[in-house]
Amino acid sequence: MLGDTHDHLPHLKKAVKVLNREAADLYLHTGDYISPFVIPILATLNGKVHGVIGNNDGDHVLLRQRCSETSTVTIAGSFSEFHTDGVRIALLHGHEGAILDVLIESGLYDVVVHGHSHRAGIAEKGPTLVINPGEVCGYLTGSSTCAMYDTEHREGRIIRI
């Protein structure tokens, strides 16, 4: 999982190397790609990349066009929900706090993945695990991070890039 890349290509390339070494076949992006030129780099991940739009993503059409030029990267919109390995996952950027809170409190999801705050963290809220992979860019916190979630053991962890 990664997000808030904010056009920081050197950190994004490092994150791709780390995730390709450590992760399996599905990668989630919490939004704020910023420019479409990050999409080809995301396409070098060893699996499918599924993302959502963030509040700083301007040209949604061009972002999706760049995704269509790959066979592995998709952007769903502002929200996505899906099941993988028996785990119900909600994915959103998280800039609309009330919506984020409702999704977490609903109990409908095993995992809620979001970004926006740039603060990496993993927390349990009732039956729901909440994961924020932090920021790839490192602009706000000074720390470039991403996250992993093990569907078998149902555990998440933050990774420094």
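The values are calculated or read from the model by the stated rules, or taken from the named source; none is laboratory data. The structure displayed is predicted, hence computed values, not measured ones. All Cβ positions, even for glycine, are placed from backbone atoms using ideal geometry, and neighbour counts span all protein chains on display.
Listed values, structure above:
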quantity	calculated
Among residues of segment 143-158, those that are of a type in the set (Asp, Glu) and either buried (at least 17 other Cβ atoms within 10 Å of the Cβ) or outside any loop (DSSP other than H, G, I, E, B) (or both), counted	2
Criterion: surrounded by 13 or more Cβ atoms within 10 Å (Cβ to Cβ), more than 20 Å from Ala23 (Cα to Cα) and in contact (Cβ under 8 Å) with a residue 12 or more places away in the chain - qualifying residue of Leu129, Leu140	Leu140
Unique residue being among the aliphatic types (A, V, I, L, M) and at pLDDT below 95 when the list is Leu62, Leu26, Leu42	Leu26
Residues of segment 30-45 satisfying the condition of being out of contact with any helix residue (DSSP H, G or I) (no Cβ under 7 Å at 6 or more places or on another chain) and either closer than 19 Å to Gly94 by Cα or among the polar types (S, T, N, Q) (or both)	Thr30, Gly31, Asp32, Ile34, Ser35
Qualifying positions in segment 103-121 - outside any loop (DSSP other than H, G, I, E, B), closer than 16 Å to Asp4 by Cβ and over 11 Å from the mean Cα position of the chain (by Cα)	Gly121
